[in-house]
Amino acid sequence: MEHPALGVWSTPYVSQIHLSSCRPMSSIDPQQIAIADYDYPLPDERIARYPLPDRSSSKLLVYRGGEISEHTFRDLPELLPEGSVLVRNNSKVIRARLVFHKESGARIEIFCLDPSAPESYERSLSATEHCRWHCMIGNAKRFRIDTSLYEDLSGSKGQVRLQAKRVAEGEVAFSWDNAHYTFGELLELMGILPIPPYLDRETEESDLTTYQTVYAQREGSVAAPTAGLHFTPEVFAQLRERDIEVLDVTLHVGAGTFRPVKAELIGGHEMHAELISVSRSALEHLRASLGHIIAVGTTSVRTLESLYHLGVYLTEHPESQPEELHVSQWQPYQGGEVYDADRALGTLLCYMECHELTQLVFPTSIIIAPGYVYRVVRGMVTNFHQPHSTLLLLIAALIGEDWRRVYTYALEHEFRFLSYGDSSLLMPY
């Protein structure tokens with residue numbers, strides 16, 4: 001069949017997918033990596049509890065081909081290679097923490113993670129009668145299955161009573177008696193914005209603004225894509241002046257981003273699934289930009305690399321239905337044929353055309369660790385991450401053992417760490 005962006009493809013749409021001559025997979029087995037090897041001393045005072053008043057005045061460490069230099073984030077547009085394409089995650093953090101009180105006075109916290117019915121974030125947040133969510137429950141022993149909690153609320157659309165019924169071990173059904181309210185509006189009325197537990201403080205009014213990127217659009221995350229917190233409208237204006245394109249993708253960040261690796265070996269750590277949504281036009285631009293893509297944050301990295309592996313999967317399983325699509329945790333390391341990224345993304349585009357999809361939506365559980373070979377991402381903008389974290393493994397997969405040099409430099413030069421801290425631009429080549 002003919003596709004204007006892809007040229008001529010025969011039927012079925014994967015028949016002309018060929019092997020690339022790109023480098024083979026690493027011989028490192030990521031499942032045998034000991035998390036204890038990914039440690040560094042992080043003094044408590046180096047964790048940024050609050051952001052700087054000016055987002056773009058944060059420090060920026062630049063790692064380029066083994067060389068390290070220090071800058072200010074507002075210098076980023078001048079530091080990016082000519083022709084770079086920035087890919088950012090436009091997910092918006094929702095007020096996912098709900099606190100109920102039983103008649104006895106017991107405090108029950110319900111942390112909404114992702115919707116189970118309807119499964120779509122948009123449909124669940126716009127529901128006007130009921131919905132169900134997978135949740136973490138605090139003080140769960142006081143909130144048994146088949147029991148309910150209630151909260152009376154008042155807003156611009158009148159009074160409303162919200163019921164939360166625990167229907168399974170980690171699932172809560174919500175219903176309310178005023179259909180003028182959507183569930184998203186009820187979260188705005190009652191919910192608390194979840195900030196990382198390592199900040200060791202309660203959410204404050206300022207966090208409602210500072211813990212969102214200036215380009216956040218699509219509600220669904222329970223944690224911010226924090227590399228994007230440094231960007232300002234002025235920085236984006238400078239990027240436009242340099243003709244650096246900016247593309248949006250969506251990955252709704254789950255609470256798993258806070259989970260420390262407790263297993264001694266990475267093979268014992270389970271990654272929770274996170275939902276990706278990428279438009280057809282964005283995918284076309286990504287395919288045309290291969291070799292120039294800089295990801296803003298680890299969530300964008302996981303999105304972009306998951307697209308490649310989904311394309312590989314569809315190359316080998318062309319009859320898969322949209323609801324069956326998923327990138328599993330260890331899929332990138334299972335061997336088999338290696339496909340060119342251009343062809344893999346081309347497969348996705350043809351698949352979308354065949355199924356008349358304008359948005360490609362699928363969950364990913366991908367883990368990126370040493371032994372992983374990057375297929376789409378050339379470099380990334382990212383903050384400084386916790387010891388013993390999967391995010392630190394992702395950095396090590398990109399720049400190897402030099403991650404230690406980068407973090408040692410940041411510690412010795414007074415960089416601020418974690419979500420509200422400073423950032424880095426990592427370019428291995």
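The values are calculated or read from the model by the stated rules, or taken from the named source; none is laboratory data. Computed from a predicted structure; not experimentally measured. Reconstructed Cβ throughout: ideal geometry from the backbone, glycine too, with neighbour counts over all protein chains shown. In case anyone asks, the SASA skips ligands and DNA or RNA and just uses the protein heavy atoms, side chains included. Shrake-Rupley method; radii C 1.70, N 1.55, O 1.52, S 1.80 Å.
Where the second residue is open to solvent by less than 50 Å² (accessible area, probe 1.4 Å) and part of a loop (DSSP other than H, G, I, E, B) and the first is more than 25 Å from HIS285 (Cβ to Cβ) and lies in the stretch 71-85, which pairs have Cβ atoms under 8 Å and are six or more apart or on separate chains?
THR72/SER58; ARG74/THR232
Would you please list the contacts, defined by Cβ atoms under 8 Å and residues six or more apart or on different chains, that run from a residue in the stretch 179-195 that is without any contact (Cβ under 8 Å) to a residue 60 or more places away in the chain to a residue that is of a type in the set (D, E, K, R) and assigned to a loop (DSSP other than H, G, I, E, B)?
Note: pairs meeting the criteria are ALA179/GLU129; HIS180/LYS157; TYR181/LYS157; GLU185/LYS157.
So, of the residues in the stretch 291-316 that are crowded, with 24+ Cβ neighbours inside 10 Å and of a type in the set (Gly, Ala, Ser), which turns out to be farthest from THR347 (Cα to Cα)?
My answer is GLY297.
Kindly check whether there is at least one residue in the stretch 198-205 that is farther than 20 Å from PHE417 by Cα and surrounded by fewer than 18 Cβ atoms within 10 Å (Cβ to Cβ).
Within the stretch 198-205, one or more residues are farther than 20 Å from PHE417 by Cα and surrounded by fewer than 18 Cβ atoms within 10 Å (Cβ to Cβ).
Suppose we keep only residues that are surrounded by 15 or more Cβ atoms within 10 Å (Cβ to Cβ) and part of a loop (DSSP other than H, G, I, E, B) within the stretch 331-340. Which one would you say is modelled with the lowest pLDDT?
Once the filter is applied, the top-ranked residue is VAL338.
Quick one: which residue in THR382, THR408 is part of a helix (DSSP H, G or I) and not aromatic (Phe, Trp, Tyr)?
THR408
Please go through the stretch 121-142 and give me each residue that is surrounded by fewer than 19 Cβ atoms within 10 Å (Cβ to Cβ), of a type outside the set (Asp, Glu), touching a residue at least 40 places away in the same chain (Cβ under 8 Å) and closer than 25 Å to HIS180 by Cα, ordered by number.
Within the stretch 121-142, SER126, THR128, HIS130 qualify.
Take the stretch 380-403 and flag every residue that is surrounded by fewer than 20 Cβ atoms within 10 Å (Cβ to Cβ) and touching a Gly at 6+ places or on another chain (Cβ under 7 Å).
Correct list: ASP402 only.
On the basis of being surrounded by 16 or more Cβ atoms within 10 Å (Cβ to Cβ) and closer than 25 Å to SER423 by Cα, does VAL377 make the cut? Before you say what the answer is, go through the steps one by one.
Values: surrounded by 16 or more Cβ atoms within 10 Å (Cβ to Cβ): yes; closer than 25 Å to SER423 by Cα: yes.
Yes: the conditions hold for VAL377.
Inside the stretch 312-330, can you point out the residues that are out of contact with any Phe, Trp or Tyr (no Cβ under 7 Å at 6 or more places or on another chain) and in a helix (DSSP H, G or I)?
Residues satisfying the conditions are TYR313, GLU316, PRO322, GLU323, GLU324.
Is there a residue in the stretch 98-110 that is touching a residue at least 24 places away in the same chain (Cβ under 8 Å), farther than 23 Å from PRO197 by Cα and in contact with a Ser or Thr (Cβ under 8 Å, 6 or more places away or on another chain)?
No, the conditions are met nowhere in the stretch 98-110.
Considering each residue of the stretch 226-255, count those that are of a type in the set (Gly, Ala, Ser) and modelled with pLDDT of 95 or more, and give that number.
Adding up the residues that qualify gives 3.
Just to be sure before I move on: is GLN386 more than 29 Å from SER423 (Cα to Cα) and in contact (Cβ under 8 Å) with a residue 24 or more places away in the chain in the structure I sent?
So GLN386 fails the test.
In the stretch 66-118, which residue that is part of a strand (DSSP E or B) and among the aromatic types (Phe, Trp, Tyr) is farthest from the chain's Cα centre (by Cα)?
Out of the qualifying residues, it is PHE100.
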